[in-house]
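Engineer: Before anything else, here's the structure in question.
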Amino acid sequence: MTDKYVFSDVSTCTFKFSDGKRAVVKSEPRKEIVLVKFIPHTSKKDSFQEAVIANYPDAKNVSELAKKCNYDCLKTFTRHFKKHFNQTPYQWMLDRKMEEVQHLVLESDLSISDIAKICGFNNLTHLVNAYSSKFGIPPFRNRMQENKSAI
């Protein structure tokens, strides 16, 4: 190893990768030695999908999800997302949200207004329109049909 690859008294090192990801390595000077070895990852698809799924619940929007998955560049994140999930991150997040809404509509006694608030919709109309568009029936009617079929 040559000296050009050895650095001393480094407290923080940020790696920026061509795909938009970044990694930060921190240490206390003179107390730790940080060695970095780059190893090709053969199942990048799986790790990307795992990162998305792990970080989705805490992300309020696509930009937050990209950051939580260590992407600085939203365009790069979106390109990778489309490649791995076959849809845009916005549409995927909306689909997950609508699945949650449908579950609450059909399996809980919460009012539709409360469900809208819990799931982050700005108002009831937005939820009703999104639900009707996704499932072909308004949430009120869907709940009534499910309740009738359960009797």
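Engineer: Could you please find all residues in region 57-67 being at pLDDT below 95 and not aliphatic (A, V, I, L, M)?
Structural biologist: Residues satisfying the conditions are 57, 58, 60, 61.
Engineer: Only one of 134, 82, 75, 97 is assigned to a helix (DSSP H, G or I) and exposed (fewer than 12 other Cβ atoms within 10 Å of the Cβ); which?
Structural biologist: 75
Engineer: So which residues in region 120-151 are closer than 21 Å to residue 58 by Cβ and modelled with pLDDT under 90, if there are any at all?
Structural biologist: Residue satisfying the conditions is 120 alone.
Let's see how each residue does on (1) at pLDDT below 90; (2) in contact with a His (Cβ under 7 Å, 6 or more places away or on another chain); (3) closer than 25 Å to residue 119 by Cβ:
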{"residue": "32", "(1), (2), (3)": "yes, no, no"}
{"residue": "35", "(1), (2), (3)": "yes, no, no"}
{"residue": "76", "(1), (2), (3)": "no, no, no"}
{"residue": "93", "(1), (2), (3)": "no, no, yes"}
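Engineer: From the list 65, 104, 127, pick out the single residue that is in contact with a helix residue (DSSP H, G or I) (Cβ under 8 Å, 6 or more places away or on another chain), within 30 Å of residue 22 (Cα to Cα) and assigned to a helix (DSSP H, G or I).
Structural biologist: Checking each option against the conditions leaves just 65.
The values are calculated or read from the model by the stated rules, or taken from the named source; none is laboratory data. None of these values were measured; they are calculated from a predicted model. All Cβ positions, even for glycine, are placed from backbone atoms using ideal geometry, and neighbour counts span all protein chains on display.
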